[in-house]
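The values are calculated or read from the model by the stated rules, or taken from the named source; none is laboratory data. Since this is a predicted model, take the numbers as computed values, not measurements. FYI the Cβ positions are ideal-geometry reconstructions off the backbone, even for glycines, and counts take in every protein chain you see. With ligands, DNA and RNA removed, areas are computed over all heavy atoms of the protein, side chains included. Shrake-Rupley method; radii C 1.70, N 1.55, O 1.52, S 1.80 Å.
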Amino acid sequence: MKAAVIEEHGEPLAVKDVDYPDPAPDQVIVETEACGVCRSDWHAWQGDWNWIGAGVPEGQILGHEPAGIVSAVGDDVETLEEGDRVAVPFHLGDGTCTHCREGRANNCETVIPLGLSEYAPGAFAEAFPVREADFNCVKLPDEVDFTEMAGLGCRFMTAYHALADRANLRPGDWVAVHGCGGVGLSAIHIAQALGAHPIAIDVLDSKLERAEELGAVETINSTEVDSAPAAVQELTGDGADVSIDALGIAETCQNSVNSLGTRGSHVQVGLTTGEEEGQIDLPVDVMTMQEIDFHGSFGMPLVRYEELFNLIAQGTLEPSKIIGETLSLEEAPETLASMDDYETVGIPVITEF
Ligand SMILES: [Zn+2]
Ligand SMILES: [Zn+2]
């Protein structure tokens, strides 16, 4: 089968023939119908994350935002059968640790990130295996199609958990979203749908225009103002109630914290780059005196899908709005490389394998 592989960090992905996977007893094989191309793929491809022991090796098949159809089932799998339509959240849990038993695969003690670990070849391929499949596969409701589900396995659900759970977003809140890539645009749409007032901040007008279409009440091009946090403070009167770093560079993280008002909540969603290596200076005294919360947020507990699917069924949330271009597997190397310059708008999804 065809797959897109990192042959050398930073060099174009190679689309080549690899062996079709066989399921281990706990696994299913999923034939990929759609898979998003994400900033995390770009990080992995750049050779980032060695500083947290999570560097992705050469030879890796990328792809962690898939939806597809179960094509083979391991001997120990009980709840899935051939033909099931499934999505696979990127954080593959073991299903047995304390966190997994609460449905929190995103906090699993032995989590394996799909498509970002040698133990979990990804979905930039015609098919891919899923460990502990009974636990990790999410059956798709009929009303959610494969392409829109591509964002629900990573960026859309990440933004939902960040706002609804970690920041405890309330209607009427001002929400500053720093960085309007896939996760940032998802956050804009979700914040608006949940009755909050999102402010979009980015360096590119093309992304800000998309943010406006998705419900941003204000937009700030940070290259056109002296200080993005000051611009947010001015728009909101007292600072944002919730602010999210949806990119993961020092500037967006610091801008996010500095956009908040008293008792505001910052949510860190983006992982950092080789510039920061996970270390960012923060105004700790101000955060202490203003009782500002700093939340990390990673993926979404599996138990939260039911609510997310209900909001989609009601029409409150429309993940299809965040989908950008659709492309073929052959085009994946070029799309990934275009992320060097932040050129993609919305979530690009591979739909031809
Ligand atoms: Zn992703
Ligand atoms: Zn676990």
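Quick check, is residue 40 within 21 Å of residue 150 (Cβ to Cβ), at pLDDT below 95 and open to solvent by 10 Å² or more (accessible area, probe 1.4 Å)?
Values: within 21 Å of residue 150 (Cβ to Cβ): yes; at pLDDT below 95: yes; open to solvent by 10 Å² or more (accessible area, probe 1.4 Å): yes.
Spelling it out, residue 40 is indeed within 21 Å of residue 150 (Cβ to Cβ), at pLDDT below 95 and open to solvent by 10 Å² or more (accessible area, probe 1.4 Å).
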For the structure I just gave you, tell me whether residue 81 is in a loop (DSSP other than H, G, I, E, B), away from ligand 1 (no atom under 15 Å from the Cβ) and without any contact (Cβ under 8 Å) to a residue 24 or more places away in the chain. yes
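Out of the residues in the stretch 58-72 that are among the aliphatic types (A, V, I, L, M) and surrounded by fewer than 24 Cβ atoms within 10 Å (Cβ to Cβ), state the one that is farthest from ligand 2 (Cβ to nearest atom). Break it down into steps so the answer makes sense when it comes.
First pass over the stretch 58-72, keeping only residues among the aliphatic types (A, V, I, L, M): 61-62, 67, 69-70, 72.
Still in the running and surrounded by fewer than 24 Cβ atoms within 10 Å (Cβ to Cβ): 61, 69-70, 72.
On the way: 61: 23, 69: 26, 70: 22, 72: 24 Å.
Filtering the stretch 58-72 for residues that are among the aliphatic types (A, V, I, L, M) and surrounded by fewer than 24 Cβ atoms within 10 Å (Cβ to Cβ), the one farthest from ligand 2 (Cβ to nearest atom) comes out as 69.
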Is it the case that some residue within the stretch 272-288 is in the same structural domain as residue 53 (by the TED database), at positive phi, touching a residue at least 24 places away in the same chain (Cβ under 8 Å) and assigned to a loop (DSSP other than H, G, I, E, B)? no
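Working only within the stretch 95-106, note down all residues that are away from ligand 1 (no atom under 16 Å from the Cβ), touching a residue at least 40 places away in the same chain (Cβ under 8 Å) and open to solvent by less than 70 Å² (accessible area, probe 1.4 Å). Give the steps one after another, and end with the answer.
Let us first name the residues in the stretch 95-106 that are away from ligand 1 (no atom under 16 Å from the Cβ), namely 95-104.
Filter once more, keeping what is touching a residue at least 40 places away in the same chain (Cβ under 8 Å): 95, 102-104.
95, 103 - these are the residues of the stretch 95-106 that are away from ligand 1 (no atom under 16 Å from the Cβ), touching a residue at least 40 places away in the same chain (Cβ under 8 Å) and open to solvent by less than 70 Å² (accessible area, probe 1.4 Å).
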Identify the single condition in (1) closer than 24 Å to residue 211 by Cβ; (2) among the charged types (D, E, K, R); (3) open to solvent by less than 40 Å² (accessible area, probe 1.4 Å) that residue 276 does not satisfy, given that it satisfies every other one. (1)
Within the group 125, 150, which residue is within 15 Å of ligand 1 (Cβ to nearest atom) and surrounded by 24 or more Cβ atoms within 10 Å (Cβ to Cβ)? 150
Which one of 100, 154 is of a type in the set (A, V, I, L, M, F, W, C) and over 16 Å from residue 309 (Cα atoms)? 100
Is it the case that residue 45 is within 16 Å of ligand 1 (Cβ to nearest atom), at pLDDT below 90 and open to solvent by less than 30 Å² (accessible area, probe 1.4 Å)? no
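Please verify whether residue 335 is open to solvent by less than 70 Å² (accessible area, probe 1.4 Å) and at pLDDT 90 or above, treating the condition exactly as stated.
Working: open to solvent by less than 70 Å² (accessible area, probe 1.4 Å): yes; at pLDDT 90 or above: yes.
So residue 335 passes the test.
Quick check on residue 87: is it closer than 24 Å to residue 323 by Cβ, more than 15 Å from ligand 2 (Cβ to nearest atom) and modelled with pLDDT under 95? Write out each step before concluding.
Values: closer than 24 Å to residue 323 by Cβ: yes; more than 15 Å from ligand 2 (Cβ to nearest atom): yes; modelled with pLDDT under 95: yes.
Taking the combined requirement at face value, the residue satisfies it.
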Number of positions in the stretch 172-194 that are on the phi < 0 side of the Ramachandran plot and open to solvent by 20 Å² or more (accessible area, probe 1.4 Å): 5
Counting only residues that are open to solvent by 30 Å² or more (accessible area, probe 1.4 Å), over 22 Å from residue 18 (Cβ atoms) and more than 16 Å from ligand 1 (Cβ to nearest atom), the stretch 107-122 contains a total of 3
When you check residue 101 against the structure, is it in contact with a strand residue (DSSP E or B) (Cβ under 9 Å, 6 or more places away or on another chain) and not assigned by the TED database to the domain that holds residue 278, yes or no? no
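State which residue is farthest from residue 87 (Cα to Cα) when the search covers only the stretch 279-301 and only residues that are within 14 Å of the chain's Cα centre (by Cα) and either among the charged types (D, E, K, R) or open to solvent by less than 60 Å² (accessible area, probe 1.4 Å) (or both). Break it down stepwise before answering.
As a first pass, look at the stretch 279-301 and keep what is within 14 Å of the chain's Cα centre (by Cα): 296-301.
With either among the charged types (D, E, K, R) or open to solvent by less than 60 Å² (accessible area, probe 1.4 Å) (or both) added as a condition, the list becomes 296-297, 299-301.
Details: 296: 24, 297: 20, 299: 14, 300: 13, 301: 14 Å.
Going through the qualifying residues, I end up with 296.
So for the stretch 21-28 (the condition being within 16 Å of ligand 1 (Cβ to nearest atom), in contact with a strand residue (DSSP E or B) (Cβ under 6 Å, 6 or more places away or on another chain), under 16 Å from residue 123 (Cα atoms) and open to solvent by less than 60 Å² (accessible area, probe 1.4 Å)), does at least one residue qualify? I'd like the intermediate steps shown before the answer.
Within the stretch 21-28, the subset within 16 Å of ligand 1 (Cβ to nearest atom) is none.
No - not one qualifying residue is present in the stretch 21-28.
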Suppose the filter is under 27 Å from residue 247 (Cα atoms) and touching a residue at least 40 places away in the same chain (Cβ under 8 Å); does residue 59 pass it? yes
